[in-house]
Amino acid sequence: MANRTITIGMRDYDHTRALADGRVKIDGVDLKFVNITPPSQIFLRMLHDEEFDASEMSLSNFMIAIGKGDGRFVALPVFPSRVFRHSYIWLNTKAGIAKPADLKGKKVGIADYSMTALLFVRGLLQHEYGVTPQDIHWFRRRSEHVAIDLPPGIRIDSIAKDQTLDGLLEAGELDAVAVTSAPRAFLNGSPLVQRLFPDCRTVEADYYRRTKIFPIMHMVVIRRGIYEQDPALAARLTQGFESAKKLAFEGYEEDLTALPWTNLNLEYARQVLGHDVYPYGVKNNAATLEAATLYSHEQGLTQSKFAVSDLFAPETLELFS
């Protein structure tokens with residue numbers, strides 16, 4: 001019997017590439033990866049049109065969707081993108097911001113309010129520094145990927161179509177930005193823009209040691225119709241992503257990348273995070289997933305706090321535990 005072809009919409013990551021190029025096989029299916037950048041386009045195409053059989057998906061958008069009764073997708077505990085967020089908050093040096101508490105009452109630029117990066121930024125500001133989402137005046141550059149009902153006291157305005165967050169930050173019309181890539185002025189060495197946390201690597205490592213939270217940005221989802229035809233596929237795919245990840249890290253250990261100091265970065269990461277610095281599975285990520293579900297509810301994006309086990313295919317809950 002011929003294998004079934006499964007299309008997967010995903011960014012081209014080194015830790016998923018062995019699945020995409022066929023070095024890792026999945027019993028019963030042939031995988032066809034459709035590589036798309038930025039991943040936000042994958043989310044939109046999947047949420048709006050169910051364009052792929054499986055795809056990368058925003059963790060926050062997924063929780064909001066299922067909170068509204070959208071059961072079209074089943075999630076796997078595979079996390080192709082995870083990023084500590086302290087290092088992605090930048091400020092205008094003339095804004096009078098010396099510490100996180102100084103963000104209260106300030107104008108902060110964002111891509112959109114519901115994205116997972118901002119879920120964790122708001123969560124860490126509130127739980128680590130006492131700055132609530134209501135304390136900040138938010139300015140977004142695009143519409144939300146999923147409809148949200150904002151709680152009372154949240155102030156959000158949209159910037160004009162001819163404006164950019166980078167330009168507004170450099171001009172001082174925004175006091176800070178919380179975004180997913182460095183502002184233009186910062187990359188150009190302007191003294192007007194710097195990180196909120198200059199020693200961000202130390203701050204992020206300390207944050208992990210205390211909380212065990214390594215923020216998850218994206219997960220992998222399967223269309224429910226595909227899953228229900230073969231529920232065991234969820235576990236097979238999850239195992240396949242794990243195998244592909246292991247192959248990528250074998251390359252790092254052999255120092256096969258072109259990026260200098262990969263060996264030293266891997267050593268440091270393992271000192272902080274443990275040997276598997278990029279774990280998949282539910283139990284291996286319990287603290288991070290509990291934080292995500294808590295933040296989503298606290299911030300009014302979901303009406304109740306999900307049990308972490310309710311987010312994922314049952315066949316995957318015990319994998320890698």
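Regarding the stretch 213-226, can at least one residue be identified that is over 19 Å from the mean Cα position of the chain (by Cα), farther than 26 Å from D112 by Cα and free of Cβ contacts under 8 Å to residues at least 12 places away in the same chain? Yes: one or more hits. Of the residues making up the stretch 53-110, those that are of a type in the set (S, T, N, Q), under 22 Å from D157 (Cα atoms) and within 14 Å of the chain's Cα centre (by Cα) are S60, N61. Quick check, is D157 assigned to a strand (DSSP E or B), exposed (fewer than 12 other Cβ atoms within 10 Å of the Cβ), of a type in the set (D, E) and modelled with pLDDT of 95 or more? Criteria met by D157. The helices (runs of 4 or more DSSP H) found entirely in the stretch 206-321 that carry 1 or more residues being surrounded by 18 or more Cβ atoms within 10 Å (Cβ to Cβ) are 224-229, 232-253, 286-298.
Is one or more of the residues making up the stretch 116-134 without any contact (Cβ under 8 Å) to a residue 60 or more places away in the chain and of a type in the set (D, E, K, R)? The answer is no, given that none of the residues of the stretch 116-134 is without any contact (Cβ under 8 Å) to a residue 60 or more places away in the chain and of a type in the set (D, E, K, R).
What's the number of the condition F306 fails, among (1) touching a Ser or Thr at 6+ places or on another chain (Cβ under 9 Å); (2) at pLDDT below 95; (3) within 17 Å of T16 (Cβ to Cβ)? Tallying (1) touching a Ser or Thr at 6+ places or on another chain (Cβ under 9 Å); (2) at pLDDT below 95; (3) within 17 Å of T16 (Cβ to Cβ), F306 fails exactly one: (3). Going by the conditions given, is V78 outside any loop (DSSP other than H, G, I, E, B), of a type in the set (V, I, T), modelled with pLDDT of 95 or more and surrounded by fewer than 21 Cβ atoms within 10 Å (Cβ to Cβ)? Against the criterion (outside any loop (DSSP other than H, G, I, E, B), of a type in the set (V, I, T), modelled with pLDDT of 95 or more and surrounded by fewer than 21 Cβ atoms within 10 Å (Cβ to Cβ)), V78 does not qualify.
Scanning the stretch 101-117 for residues that are assigned to a helix (DSSP H, G or I) and surrounded by 18 or more Cβ atoms within 10 Å (Cβ to Cβ) gives L103, T116, A117. Here is the figure for the stretch 227-253: residues that are free of Cβ contacts under 8 Å to residues at least 24 places away in the same chain and under 19 Å from A18 (Cα atoms) total 4. Residues in the stretch 232-260 that are of a type outside the set (G, A, S), within 23 Å of T5 (Cβ to Cβ) and in contact with a helix residue (DSSP H, G or I) (Cβ under 6 Å, 6 or more places away or on another chain): T238, L247. Among the candidates E204, E250, E242, the residue that is of a type outside the set (G, A, S), in contact with a His (Cβ under 8 Å, 6 or more places away or on another chain) and either at pLDDT 95 or above or in the same structural domain as D53 (by TED's automatic domain parsing) (or both) is uniquely E204. With respect to D149, determine if the residue is among the charged types (D, E, K, R), at pLDDT below 95 and outside any strand (DSSP E or B). In short, yes. In this structure, does V179 turn out to be closer than 25 Å to S158 by Cβ and touching a residue at least 12 places away in the same chain (Cβ under 8 Å)? Taking the combined requirement at face value, the residue satisfies it. Looking only at residues of the stretch 14-48 that are touching a Lys or Arg at 6+ places or on another chain (Cβ under 7 Å) and surrounded by 15 or more Cβ atoms within 10 Å (Cβ to Cβ), we find that the one that is nearest to A2 (Cα to Cα) is V29.
The values are calculated or read from the model by the stated rules, or taken from the named source; none is laboratory data. If you're wondering where the values come from, they're calculated on a predicted model, not measured in any experiment. Don't worry about glycine lacking a Cβ; one is built from the backbone with ideal geometry, like all the others, and counts go over all protein chains shown.
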